[in-house]
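Q: Handing you a structure now.
The values are calculated or read from the model by the stated rules, or taken from the named source; none is laboratory data. Owing to the predicted nature of the structure, the values given are computational and were not obtained by experimental measurement. Positions of Cβ are generated from backbone atoms using ideal geometry, with glycine treated the same way; all protein chains shown enter the neighbour counts. Heads up: the accessible areas ignore ligands, DNA and RNA and are worked out on the full protein's heavy atoms, side chains in. Shrake-Rupley method; radii C 1.70, N 1.55, O 1.52, S 1.80 Å.
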Amino acid sequence: MAANDTPLGCGPNVDSLYYNLCDLNAAWGIVLEAIAAAGVVFSFVLFVSLLASVPFTQDKNRKSSVALHAWFLVCTAGLFCLTFAFIVGKDFSTCASRRFLFGVLFGGCFACLLMQCVRLNILARRNSGPRAWALCLGAAGLWLVEVVINTEWLIITIVRHPQGPLNATAEASRATATPCNIANKDFVMALIYVMTLILAVVVASLAIMAGKHNQWKKEGAFILLTSLISVGIWVAWIVMYVYGNERRGGPTWDDPTLAIALVANAWAFLILYTIPDICTLTGDGESQQSLGEDLYPNRGVGYETILKEQSSQNMFVENKAFSMDEPNQAAKPVSPYSGYTGQLRGSVYQPTELALISKAIGNHPPDVSYDMIIPRASANSAANSGTSTPSTHAETGNGAHTQTNGNSGNGLHRTSQW
């Protein structure tokens, strides 16, 4: 009989408490199980990414919110894990964890979002946010209120429904001795404080849009969108849990309704808020600017500095061209060749000795043979003339004849120095 009662997809040794995890006829359990497991893995990946992005976050106003993001991810991963408690059957441990952790985990998520709204409201008006420890203390205080409420409520309801006798059957004990014997309306009423936090997040995120610093409104828009989606999810599951399931004739859809609400809201937290916020930790323009200032502390990045650098480069080019056209006369050296050159060597073309030899050979007829005369400066002629420009003489090889270039306008005398 036990083998015949085992649903399709479950083994014979599986306890009836876990049939929804493997029953192929109840596909909602398998689907939600897969989605919740993927959410746990993805939350862990985002948590590691958040911690890895801390060294690259240069803006202290953004770095102060990393602790809130980390606690928010922990509570979101807890929502995915709590989904398994609604998929499996009911006993004392599962029902106690459902009633206690449902409000506690949601209270932690919305407490972190509310403190993020407080931080962004201050930044949007002053552009200087509070310290990280102040934000963590505020979120812990808001979360502890829900912990106290759920603890007190759980203790009262368990005392009201004490455990049955030890000799009672397992089914009777499971039906009467667990904290599962509670009306759906009472379960919803125990979450009033969480609903108050949701409405506070909506109002606080709307107030961010009234700030004067637009760079912080982007994060406020993500929180506003996340809170509005959460409101829609909560309204949907409360209406279905309180009114819809009773009209359908039985509580068979109570557990699927709460499990779907957990998975849907947890994924909304990750997609609409966590992923964009982690991306903005290191992708903001101000953080990049502060990083550049740390790398180059002695160099400005303003528009006026860029204009000054461009103007200095242009002035350097213009001065260089001007010096080539009109050289500085004060720096001109006195040279023996200044009588017929008149300019600096770097400014005009001056033939080399090889060019002079080639020119001389090409201009004279082949029957005239004499050695090439290289001009030399003579100190004696300069002393005799009494002028600052000395006369030049030339050498001829082997004591050969002397020629005077009478047609030259420079007054050069080619004489033998041998």
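Q: Which members of segment 64-98 meet the condition of being part of a helix (DSSP H, G or I) and closer than 17 Å to Pro276 by Cβ? Give the derivation first.
A: Applying the first criterion (part of a helix (DSSP H, G or I)) to segment 64-98 yields 66-87, 92-98.
Val66, Leu68, His69, Ala70, Phe72, Leu73, Thr76, listed by residue number.
Q: I'm trying to understand the selection: among the residues of segment 105-131, which are of a type in the set (A, V, I, L, M, F, W, C), open to solvent by less than 40 Å² (accessible area, probe 1.4 Å) and under 23 Å from the mean Cα position of the chain (by Cα)? Steps first, answer last, please.
A: Restricting attention to segment 105-131, the residues satisfying the condition of being of a type in the set (A, V, I, L, M, F, W, C) are 105-106, 109-115, 117-118, 120, 122-124.
When the remaining residues are screened for being open to solvent by less than 40 Å² (accessible area, probe 1.4 Å), the result is 105-106, 109-115, 117, 120, 123-124.
Across segment 105-131, the qualifying residues are Cys112, Leu113, Met115, Cys117, Leu120, Leu123, Ala124.
Q: Then there's this: Are there any pairs with C-beta distances below 7 angstrom linking a residue in segment 242-270 that is in contact (Cβ under 8 Å) with a residue 12 or more places away in the chain to a residue that is of a type in the set (A, V, I, L, M, F, W, C) and open to solvent by 60 Å² or more (accessible area, probe 1.4 Å), with the two at least 6 apart or on different chains, and if so which?
A: Filtered contacts from segment 242-270: Asn245/Trp253; Pro256/Trp28; Thr257/Met240; Val263/Ile35; Ala268/Ile229; Leu270/Phe42.
Q: Considering only segment 295-305, I want to know if a residue exists there that is within 30 Å of Val203 (Cα to Cα) and at pLDDT below 85.
A: So in segment 295-305, the residues within 30 Å of Val203 (Cα to Cα) come out as none.
No - not one qualifying residue is present in segment 295-305.
Q: Here are Ala236, Ala221, Ala210: which of them is outside any helix (DSSP H, G or I), modelled with pLDDT of 80 or more and farther than 19 Å from Thr76 by Cα? So that I can check it myself, show each step before the final result.
A: Working: Ala236 fails: outside any helix (DSSP H, G or I); Ala221 fails: outside any helix (DSSP H, G or I).
Exactly one of Ala236, Ala221, Ala210 is outside any helix (DSSP H, G or I), modelled with pLDDT of 80 or more and farther than 19 Å from Thr76 by Cα, namely Ala210.
Q: Every residue in segment 75-104 that is open to solvent by 10 Å² or more (accessible area, probe 1.4 Å) and among the small types (Gly, Ala, Ser), please.
A: Ala77, Gly78, Ala85, Gly89, Ser93, Ala96, Ser97
Q: Anything in segment 1-41 that is in a helix (DSSP H, G or I), small (Gly, Ala, Ser), crowded, with 16+ Cβ neighbours inside 10 Å and over 34 Å from the mean Cα position of the chain (by Cα)? List them, or say none.
A: The initial filter retains those residues of segment 1-41 that are in a helix (DSSP H, G or I), namely 2-5, 16-21, 27-41.
When the remaining residues are screened for being small (Gly, Ala, Ser), the result is 2-3, 16, 27, 29, 34, 36-39.
With crowded, with 16+ Cβ neighbours inside 10 Å added as a condition, the list becomes 29, 36, 39.
Scanning segment 1-41 gives a single hit, Gly29.
Q: Which pairs do you get when a residue that is without any contact (Cβ under 8 Å) to a residue 60 or more places away in the chain and part of a loop (DSSP other than H, G, I, E, B), found in segment 126-141, comes within reach of a residue that is surrounded by 12 or more Cβ atoms within 10 Å (Cβ to Cβ) and not aliphatic (A, V, I, L, M), reach meaning Cβ atoms under 6 angstrom, with the pair 6+ apart or on two chains?
A: none
Q: From the set of residues in segment 42-61 that are touching a residue at least 60 places away in the same chain (Cβ under 8 Å) and in a helix (DSSP H, G or I), which is nearest to the chain's Cα centre (by Cα)?
A: Ranking the qualifying residues of segment 42-61, first place goes to Ser53.
Q: When only residues in segment 239-255 that are part of a helix (DSSP H, G or I) and charged (D, E, K, R) count, which is nearest to Phe86 (Cα to Cα)? First the steps, then the outcome.
A: Here is the first cut: in segment 239-255, the ones part of a helix (DSSP H, G or I) are 239-247, 251-255.
Still in the list and also charged (D, E, K, R): 246-247, 254-255.
Details: Glu246: 18, Arg247: 21, Asp254: 9, Asp255: 5 Å.
Of everything passing the filter in segment 239-255, Asp255 is nearest to Phe86 (Cα to Cα).
Q: Please verify whether segment 45-54 includes one or more residues that are over 30 Å from Asn127 (Cβ atoms) and out of contact with any His (no Cβ under 6 Å at 6 or more places or on another chain).
A: yes
Q: Out of (1) open to solvent by 20 Å² or more (accessible area, probe 1.4 Å); (2) at pLDDT 90 or above, what's the single condition that is false for His69?
A: (1)
Q: Yes or no: Pro256 under 30 Å from Lys60 (Cβ atoms), modelled with pLDDT of 85 or more and open to solvent by less than 60 Å² (accessible area, probe 1.4 Å)? If you could, list the steps in order and put the result at the bottom.
A: Values: under 30 Å from Lys60 (Cβ atoms): no; modelled with pLDDT of 85 or more: yes; open to solvent by less than 60 Å² (accessible area, probe 1.4 Å): yes.
Spelling it out, it is not the case that Pro256 is under 30 Å from Lys60 (Cβ atoms), modelled with pLDDT of 85 or more and open to solvent by less than 60 Å² (accessible area, probe 1.4 Å).
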